[in-house]
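The values are calculated or read from the model by the stated rules, or taken from the named source; none is laboratory data. In this text the structure is predicted, and so the values were computed from the model without any measurement. Quick reminder, even Gly has a Cβ in these numbers, built from the backbone with ideal geometry, and neighbours come from all protein chains shown. Each accessible area value is taken on the protein alone, full model and side chains, heavy atoms only, with ligands, DNA and RNA left out. Shrake-Rupley method; radii C 1.70, N 1.55, O 1.52, S 1.80 Å.
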Amino acid sequence: MAFDERLADRVRKELTRQAGLSEKKMFGGLAFLINGNMSIGVHRDDLVVRVPPAHTRVALQEPGARPFDITGRPMKGWLLVGPSGLEDPAALAKWVRGGVEYASSLPKK
């Protein structure tokens with residue numbers, strides 16, 4: 001399944017100076033890992049964002065955000081953000097920063 005290459009490029013621009021960054025094709029999309037922990041991804045035309053599970057409820061109130069559920073079982077601490085929530089470059093930067101901060105707080109793999 002294809003993923004939005006333009007969105008992936010926008011994410012790459014946000015991550016240009018990020019230490020410990022790697023990319024990996026996952027779940028039919030593209031994942032951006034920090035020290036081996038997934039932080040952000042692109043699935044179809046949505047951004048996948050890893051958030052602290054305790055912050056999920058608040059994050060879901062943001063424009064375009066919904067639970068990450070591609071298998072019928074929503075994953076705790078993971079969100080999908082649709083195109084409507086990513087049009088503004090500042091909104092994309094905020095999501096990327098949040099995913100990177102959380103992944104950076106996890107033990108290295």
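So the values come out like this:
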quantity	calculated
Neighbours by Cβ (under 8 Å, 6+ apart or cross-chain): first from region 1-21, closer than 17 Å to residue 47 by Cα and modelled with pLDDT of 95 or more; second assigned to a helix (DSSP H, G or I) and aliphatic (A, V, I, L, M)	10/92; 11/92; 11/96; 14/92; 14/93; 14/96; 15/96; 15/100
Any hit, region 80-87, residues being within 21 Å of residue 25 (Cα to Cα) and part of a helix (DSSP H, G or I)	yes
Strands (runs of 3 or more DSSP E) completely within region 1-53 that count 2 or more residues being open to solvent by 60 Å² or more (accessible area, probe 1.4 Å) and out of contact with any Asp or Glu (no Cβ under 8 Å at 6 or more places or on another chain)	21-26
Residue within region 54-70 that is in a strand (DSSP E or B) and open to solvent by 80 Å² or more (accessible area, probe 1.4 Å) present	yes
Residues of region 26-55 that turn out to be more than 20 Å from residue 13 (Cα to Cα), in contact with a strand residue (DSSP E or B) (Cβ under 7 Å, 6 or more places away or on another chain) and at pLDDT 95 or above, as a count	1
Selection status of residue 74, at pLDDT 95 or above and either over 13 Å from the mean Cα position of the chain (by Cα) or loosely packed, with under 14 Cβ neighbours inside 10 Å (or both)	no
Pairs where the first residue, in region 82-109, is closer than 18 Å to residue 21 by Cα and the second is open to solvent by 80 Å² or more (accessible area, probe 1.4 Å), C-beta under 8 Å, 6+ apart	92/14; 93/14; 96/14; 97/14
